[in-house]
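First the structure, which I've put down as structure tokens, then a few questions once you've had a look.
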Amino acid sequence: MSVAVTSFAIFAASQVGTPGPANMALMTTGARYGFRAALPFVAGVALGKQLVIWPVGFGLMELAARAPWVFEALKYASAAYIIWLAWRVANMRLGTVGATKRAPGFVAGLVVHPLNPKAWAMIIGGFTAFVAPGTPAVEATATIAAVLLGCQAFLHPLWTLAGDAIARTIAGTAMEPYLMWTLAALTVASVVFVLFGGGT
């Protein structure tokens with residue numbers, strides 16, 4: 001095949017399954033609102049990566065080569081947004097969800113990956129490392145998109161379930177503030193690592 005599917009699937013699973021801004025958002029949402037209420041958000045996060053994959057597959061990287069400053073600015077703006085979300089997480093409390101508080105929905109989930117530097121690095125790495133030169137754009141993009149969506153459909157709910165399980169144990173205890181600050185710190189650390197550590 002023109003796309004190294006097995007190798008890319010292993011790479012994708014390792015990236016989708018490890019801590020990063022999106023997984024921290026999923027865990028926090030599960031902890032805050034419960035797994036069932038978080039499902040629309042989970043679906044939005046999973047599908048939101050497609051909003052990055054298809055433009056990249058059809059030539060967005062050519063624009064990046066011509067105007068690299070645009071993508072550099074976008075990278076830092078995205079990081080600032082995710083860090084702001086982390087600050088909000090740090091000050092949340094699991095046991096204070098009132099009747100007017102609703103879990104973030106599908107649309108909120110859609111914007112997570114377009115604003116996630118790790119997602120951009122993962123997708124660009126997929127196209128550059130696992131797609132043979134001359135592969136038709138439709139074939140390459142559809143393959144990358146399908147493999148990533150499959151990984152996300154399996155792994156994203158697990159992160160959300162983990163948050164829900166943690167909350168059932170921690171909510172209302174003296175450990176709760178430390179949990180929320182830890183989740184926020186991990187979110188910030190994942191962004192800093194992607195920006196300055198050269199990781200994906």
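So A165 ticks every box in (1) surrounded by 15 or more Cβ atoms within 10 Å (Cβ to Cβ); (2) more than 16 Å from the chain's Cα centre (by Cα); (3) at pLDDT 85 or above but one. Which box is left unticked?
Single failed check for A165: (1).
Within the stretch 27-37, is even one residue modelled with pLDDT under 85 and hydroxyl-bearing (S, T, Y)? Give the derivation first.
Going through the stretch 27-37, the residues modelled with pLDDT under 85 turn out to be 28, 31-32.
Next, from what is left, pick out any that are hydroxyl-bearing (S, T, Y): 28.
The answer is yes, given that some residue of the stretch 27-37 is modelled with pLDDT under 85 and hydroxyl-bearing (S, T, Y).
Report yes if G98 is modelled with pLDDT of 80 or more and surrounded by fewer than 19 Cβ atoms within 10 Å (Cβ to Cβ), otherwise no. Give the steps one after another, and end with the answer.
Values: modelled with pLDDT of 80 or more: no; surrounded by fewer than 19 Cβ atoms within 10 Å (Cβ to Cβ): yes.
So G98 does not fit the description; no.
Does W87 qualify as being over 29 Å from S7 (Cβ atoms) and at pLDDT 75 or above?
yes
A further question follows. Taking the conditions exactly as written (at pLDDT below 90, touching a Phe, Trp or Tyr at 6+ places or on another chain (Cβ under 9 Å) and surrounded by fewer than 19 Cβ atoms within 10 Å (Cβ to Cβ)), does L63 satisfy them or not? Before the answer, list the steps.
Values: at pLDDT below 90: yes; touching a Phe, Trp or Tyr at 6+ places or on another chain (Cβ under 9 Å): yes; surrounded by fewer than 19 Cβ atoms within 10 Å (Cβ to Cβ): yes.
So L63 fits the description; yes.
Here is a further query. Restricting the first residue to the stretch 151-162 and requiring it to be within 10 Å of F35 (Cα to Cα), which pairs with a second residue that is part of a helix (DSSP H, G or I) and of a type in the set (D, E) meet a Cβ separation below 7 Å and a spacing of at least six or different chains?
none
Further question on the same structure: Tally the residues that are surrounded by 14 or more Cβ atoms within 10 Å (Cβ to Cβ), in contact with a Phe, Trp or Tyr (Cβ under 9 Å, 6 or more places away or on another chain) and assigned to a helix (DSSP H, G or I), restricting the search to the stretch 130-141. Give the derivation first.
Taking the stretch 130-141 first, the residues surrounded by 14 or more Cβ atoms within 10 Å (Cβ to Cβ) are 130-131, 135, 139-141.
Now drop any that are not in contact with a Phe, Trp or Tyr (Cβ under 9 Å, 6 or more places away or on another chain), which leaves 130-131, 140-141.
Applying the additional criterion that residues be assigned to a helix (DSSP H, G or I) yields 130, 140-141.
So the answer is 3.
Also, quick follow-up: For the stretch 166-185, what are the residues that are touching a residue at least 12 places away in the same chain (Cβ under 8 Å), among the small types (G, A, S) and on the phi < 0 side of the Ramachandran plot?
Within the stretch 166-185, A167, A171, A184, A185 meet the criteria.
Conditions tested, residue by residue: (1) surrounded by 15 or more Cβ atoms within 10 Å (Cβ to Cβ); (2) over 15 Å from V5 (Cα atoms); (3) within 19 Å of the chain's Cα centre (by Cα).
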site: P114; (1), (2), (3): yes, yes, yes
site: F127; (1), (2), (3): yes, no, yes
site: L149; (1), (2), (3): yes, no, yes
site: A171; (1), (2), (3): yes, yes, no
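Let me ask something else. Filter the stretch 16-49 down to the residues that are surrounded by 17 or more Cβ atoms within 10 Å (Cβ to Cβ), within 24 Å of T128 (Cα to Cα) and over 10 Å from the mean Cα position of the chain (by Cα) and list them by number.
Correct list: empty.
The values are calculated or read from the model by the stated rules, or taken from the named source; none is laboratory data. Being a predicted model, the structure only gives us computed values, none of them experimental. In this analysis, Cβ positions are derived from the backbone assuming ideal geometry, glycine residues included, and neighbour counts consider all displayed protein chains.
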